[in-house]
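Asker: Pasting a structure here, questions to come.
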Amino acid sequence: MKYPSELKYSPEHEWVRVEDGNIAYIGITDFAQGELGDLVYVEVETIGDTLDKDAVFGTAEAVKTTSDLFMPVAGEILEFNKELDGSEGDNPAIINEDPYGKGWIVKIKMTNPAQLDDLMDAATYEGSLA
């Protein structure tokens, strides 16, 4: 499994990629998608909402289970990946194929970027899985 060094990781297996300033993308890790198995549906009904760190922002449904998705940092949900949206792209398997690229789940505007310091770097996250 791979864990890109430019990302930050949560204990709940979400990753954060910071773009410009306080804009970030959130997805689930390669480990998480592997544990869930083939994803069949991703639901995010929090677009436009501002959520606290650790709040549930959606769910990921796989053949064998459903898992909540947690905010690794506080922020406003700006966008849900159209590739995953059942009314648009309807391709949740893209998370299994490319969890750190095309498989991002939401784009957010962080309300407290300092919370990134509470997350793990790639080496620490990988070590936490052992």
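The values are calculated or read from the model by the stated rules, or taken from the named source; none is laboratory data. Owing to the predicted nature of the structure, the values given are computational and were not obtained by experimental measurement. Glycine gets a Cβ as well: all are built from the backbone with ideal geometry, and neighbour counts include every protein chain shown.
Asker: Checking the structure you have, find out if any residue of segment 79-92 is under 26 Å from Leu129 (Cβ atoms) and of a type in the set (Ser, Thr, Tyr).
Answerer: No: segment 79-92 contains no residue that is under 26 Å from Leu129 (Cβ atoms) and of a type in the set (Ser, Thr, Tyr).
Asker: Output yes when any residue across segment 84-100 is in contact (Cβ under 8 Å) with a residue 60 or more places away in the chain, of a type in the set (A, V, I, L, M, F, W, C), surrounded by 16 or more Cβ atoms within 10 Å (Cβ to Cβ) and touching a helix residue (DSSP H, G or I) at 6+ places or on another chain (Cβ under 9 Å), and no when none is.
Answerer: Yes, that holds for at least one residue.
Asker: Can you list the helices (runs of 4 or more DSSP H) lying wholly within segment 18-130 that have 2 or more residues being of a type in the set (S, T, N, Q)?
Answerer: Here the list reads 122-128.
Asker: To continue, here is another question. Pick from segment 83-111 the residues that are at pLDDT 95 or above and charged (D, E, K, R): which of them is farthest from Thr59 (Cα to Cα)?
Answerer: Lys109
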